[in-house]
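J.: Provided herewith is a single structure, encoded as structure tokens, for subsequent inquiry.
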Amino acid sequence: MPFTNLTEAINSWLMGTLTTKNTVLYVVDGNLLNDINAYSVYDIEEVTLIQNAMAQVSGAIQQQQLVLVTTKRKTSHKAGICSAGQLFGTGREAASGAHDPKFSVNLYHQYYLSLYQNRQRLQYGISLNYLRDVYPQAKNDESAYNPPLHIDRFRVQAYLTTQLGNHNTMQLNIGYAPQRMAEKVSTNDPREKTAYTYTNRQPLFMPSLRLHSVILKNLNNDLSVAYVPGVGSTQESLQGFYLYGTDSFKVRNNINSKDRLQQLVIRDHLSYIKNLGAWNLEPSLDIMYKKLKKKNETNSYSVNDNQSGINPVQTSTSFTSYGPVKIYLLTPSLTLFYRNIFNVQAGWLQNLSHRYSDKMKRTFPFVSTSLDVLRTFVPAAKASVKLFASYATGGDFADIQDTLKDFVPVNQPVNAAFPYYGTAYDSAWHMMTAGAVFHAWNNRLMINYSFERRHFNTAMELNLPPNYTRVYMPECRSYTHRLGVQVKIIETLQAQWLSGINATHMKNEIYAPFLIPGAAVKTTAWSGGWVNRLRYKAILLGCDILYYPDAMLMSRTSSNITMNKTNAWLLQNLYGGYQWQRGKLKGLEVYAATRNLAQSDKYDLSDGRRYYGIGFKMCLNKE
């Protein structure tokens with residue numbers, strides 16, 4: 001499935017349309033400092049949604065979902081080379097109920113190559129990826145796009161893992177993802193001739209180092225360092241000729257913006273495991289240092305030429321900066337667990353940073369526990385009924401989310417979560433989770449239910465006359481129920497069929513007396529997805545459906561506006577492939593796929609883009 005943002009590919013597996021790019025926090029290989037879209041999908045091994053209040057401690061703010069990502073480390077072979085490619089035509093359909101214009105057809109394509117080698121004490125690998133996506137534009141006689149809005153994204157990921165003596169393992173990762181987004185638009189109306197160009201460059205560089213040491217028996221230490229320096233730039237230019245009656249004038253506008261970002265995270269985790277028969281006791285201490293700094297410089301230049309000969313020139317320069325901010329965090333915890341049946345963890349996060357407010361919160365406790373009820377009484381049971389619960393408090397620790405740009409709006413397509421404008425530094429957020437996971441049928445059936453309650457403050461801007469903006473910090477609460485069922489309907493040597501369906505209900509409350517005195521603004525939403533993966537011998541099939549029942553549809557008339565409910569759905573991914581299992585072509589997979597092939601006619605769950613294409617994947621491994 002073609003995409004430029006990973007959230008577009010996994011939302012049908014997580015919380016449906018409630019999973020958007022601004023509601024997900026990714027942790028890649030234990031590294032908090034990253035951009036998931038700097039990794040090729042071919043480098044990703046596993047994606048896991050964390051349903052635990054400890055997400056607050058890990059930096060998931062407000063309603064963000066914590067997702068752990070594991071990248072591929074091919075260790076089962078001595079060496080190998082992998083390649084992949086995709087070629088898709090991209091089009092676009094009009095919004096529901098709108099006039100059906102014709103859209104341009106362009107190409108989405110990406111190419112991937114990786115090499116790796118494993119030796120006794122040294123493993124290393126590198127991957128190269130190029131991706132190009134083009135946003136389809138409506139065809140008309142007045143405007144020309146040459147080229148249309150497009151993304152050129154290069155991605156390089158390299159890793160090296162080596163043994164240092166008998167008790168130390170070092171892992172070095174280097175990621176580099178330079179991206180360019182650009183477009184050029186011109187109009188050729190006799191009364192209005194314009195030429196607009198836009199270019200944005202983001203050279204994202206992400207090195208990280210991790211050292212695992214066995215200090216003593218059962219005493220382990222993990223030291224990690226991650227650094228992201230970056231300089232992004234945006235250039236916009238508009239040249240125009242305008243004719244109004246007998247008056248004409250020319251306009252030349254130029255805006256140049258430059259972003260400088262520096263992020264440094266040093267983290268040390270010390271843990272000790274004490275064996276007490278079937279019980280284990282694990283005290284741990286986590287120390288983290290963050291340094292963050294961001295600066296923006298914008299220069300604008302404007303010239304207006306008219307017939308009177310007056311040529312007013314306007315120039316301006318503006319600066320905005322964030323930081324430098326230094327954050328010191330200390331997290332002691334104690335974990336007690338009994339086999340794979342029971343565990344409980346408790347601790348607190350202590351903010352040792354500079355106190356900038358007398359009301360600033362410094363201590364954030366947390367506790368988490370789980371119990372397998374069935375295996376408590378029948379230890380050898382093949383089935384499992386695990387209950388879990390957790391509670392945590394958290395705060396804003398000055399994290400900066402700086403990611404590669406794409407075509408997906410922040411809140412597209414449906415987002416019942418609160419928009420993120422900022423946070424209250426002197427407030428503590430509260431999060432509570434509870435639920436159950438049921439495994440049966442030799443782990444072929446899994447049923448997962450979770451309830452989540454969050455309580456936090458967020459910044460909201462209110463525009464007041466004449467030109468005054470005031471920021472409020474209203475109290476916000478959210479209640480989320482998620483139910484997921486995943487079953488391996490068929491599991492034989494020749495055929496496998498995995499099917500999963502999930503549903504999420506989210507209720508939000510904003511207590512904003514400056515908007516509605518004495519009452520709360522309440523919103524609710526249902527969403528989910530249905531996913532299927534089928535293999536029969538060498539044939540591969542896949543289908544993902546996104547749904548949003550009870551979607552609110554607005555209807556306008558000359559006299560009023562009415563809101564009606566409708567059921568919305570989207571055929572997000574349809575896939576068919578063939579994989580050679582023997583002979584010289586063993587391991588080669590070819591496929592055809594579509595994205596956003598069809599959707600409900602009254603409500604849009606996509607931005608209208610459609611993809612149709614083919615691709616291949618192949619690995620050659622040395623035993």
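The values are calculated or read from the model by the stated rules, or taken from the named source; none is laboratory data. Remember, it's a predicted structure, so these values are computed and weren't measured experimentally. Don't worry about glycine lacking a Cβ; one is built from the backbone with ideal geometry, like all the others, and counts go over all protein chains shown. Keep in mind that these areas ignore ligands, DNA and RNA; they rest on the heavy atoms of the full protein, side chains included. Shrake-Rupley method; radii C 1.70, N 1.55, O 1.52, S 1.80 Å.
J.: Applying the selection to the stretch 569-587, what residues are at pLDDT 95 or above and either open to solvent by 80 Å² or more (accessible area, probe 1.4 Å) or not in a strand (DSSP E or B) (or both)?
T.: Passing the criteria: only Tyr578.
J.: Further question on the same structure: Can you tell me which condition Gly175 does not meet? The list is (1) under 30 Å from Leu292 (Cβ atoms); (2) in a loop (DSSP other than H, G, I, E, B), and all the others hold.
T.: Answer for Gly175: the failing condition is (2).
J.: Tell me, please, whether a residue that is among the β-branched types (Val, Ile, Thr) and touching a helix residue (DSSP H, G or I) at 6+ places or on another chain (Cβ under 9 Å) can be found in the stretch 53-67.
T.: Applying the first criterion (among the β-branched types (Val, Ile, Thr)) to the stretch 53-67 yields 57, 61, 67.
Filter again for touching a helix residue (DSSP H, G or I) at 6+ places or on another chain (Cβ under 9 Å), leaving 67.
Yes, the stretch 53-67 contains a residue that is among the β-branched types (Val, Ile, Thr) and touching a helix residue (DSSP H, G or I) at 6+ places or on another chain (Cβ under 9 Å).
J.: Here's another thing I want to ask about it. Cβ-Cβ below 8 Å, separation at least six or inter-chain, first residue in the stretch 319-332 and closer than 14 Å to Gln350 by Cα, second acidic (Asp, Glu) and open to solvent by 80 Å² or more (accessible area, probe 1.4 Å): which pairs?
T.: Short answer, once both residue conditions are applied: none.
J.: Restricting to the stretch 158-199, count the residues that are of a type in the set (Val, Ile, Thr), within 24 Å of the chain's Cα centre (by Cα) and under 20 Å from Asn254 (Cα atoms). Lay out the reasoning, then the answer.
T.: Within the stretch 158-199, the subset of a type in the set (Val, Ile, Thr) is 161-162, 169, 174, 185, 187, 194, 197, 199.
Imposing the further condition that a residue be within 24 Å of the chain's Cα centre (by Cα) reduces the set to 174, 199.
Subset that is under 20 Å from Asn254 (Cα atoms): 199.
Within the stretch 158-199, residues that are of a type in the set (Val, Ile, Thr), within 24 Å of the chain's Cα centre (by Cα) and under 20 Å from Asn254 (Cα atoms) number 1.
J.: Go over the candidates Ala84, Ala79 one by one and state the one that is small (Gly, Ala, Ser), open to solvent by less than 10 Å² (accessible area, probe 1.4 Å) and in contact (Cβ under 8 Å) with a residue 60 or more places away in the chain.
T.: Working: Ala79 fails: open to solvent by less than 10 Å² (accessible area, probe 1.4 Å).
When all the criteria are applied, what remains is Ala84.
J.: Select from the stretch 1-35 the residues that are closer than 18 Å to Val225 by Cα and either of a type outside the set (A, V, I, L, M) or open to solvent by 10 Å² or more (accessible area, probe 1.4 Å) (or both) and list them in ascending order. If you could, list the steps in order and put the result at the bottom.
T.: First, pick out the residues of the stretch 1-35 that are closer than 18 Å to Val225 by Cα: 26-35.
Hits for the stretch 1-35 are Tyr26, Val27, Asp29, Gly30, Asn31, Leu32, Leu33, Asn34, Asp35.
J.: So which of Thr594, Thr524, Thr562, Thr566 is out of contact with any Pro (no Cβ under 8 Å at 6 or more places or on another chain), within 30 Å of Val471 (Cα to Cα) and assigned to a strand (DSSP E or B)?
T.: On the way: Thr594 fails: within 30 Å of Val471 (Cα to Cα); Thr562 fails: within 30 Å of Val471 (Cα to Cα); Thr566 fails: within 30 Å of Val471 (Cα to Cα).
On inspection, the qualifying residue turns out to be Thr524.
J.: Do you know which residues across the stretch 10-48 are closer than 21 Å to Met506 by Cβ and modelled with pLDDT under 90?
T.: Hits for the stretch 10-48 are Thr17, Leu18, Thr19, Thr20, Lys21, Asn22, Thr23, Val24, Leu25, Tyr26.
J.: Where the second residue is modelled with pLDDT of 95 or more and basic (Lys, Arg) and the first is closer than 30 Å to Asn146 by Cβ and lies in the stretch 123-135, which pairs have Cβ atoms under 7 Å and are six or more apart or on separate chains?
T.: Partner pairs satisfying both residue conditions: Asn129/Arg155; Leu131/Arg153.
J.: Among the listed residues Ser208, Ser284, Ser224, identify the single one that is among the polar types (S, T, N, Q) and over 26 Å from the mean Cα position of the chain (by Cα).
T.: On the way: Ser208 fails: over 26 Å from the mean Cα position of the chain (by Cα); Ser224 fails: over 26 Å from the mean Cα position of the chain (by Cα).
Going through Ser208, Ser284, Ser224 in turn, the sole match is Ser284.
J.: Considering only the stretch 25-42, I want to know if a residue exists there that is in contact (Cβ under 8 Å) with a residue 40 or more places away in the chain, within 23 Å of Leu483 (Cβ to Cβ) and not in a strand (DSSP E or B).
T.: So far as the stretch 25-42 goes, no, none of its residues is in contact (Cβ under 8 Å) with a residue 40 or more places away in the chain, within 23 Å of Leu483 (Cβ to Cβ) and not in a strand (DSSP E or B).
J.: Can you tell me which residue is surrounded by the fewest Cβ atoms within 10 Å (Cβ to Cβ) among those in the stretch 470-512 that are without any contact (Cβ under 8 Å) to a residue 12 or more places away in the chain and part of a loop (DSSP other than H, G, I, E, B)?
T.: The residue in question is Leu493.
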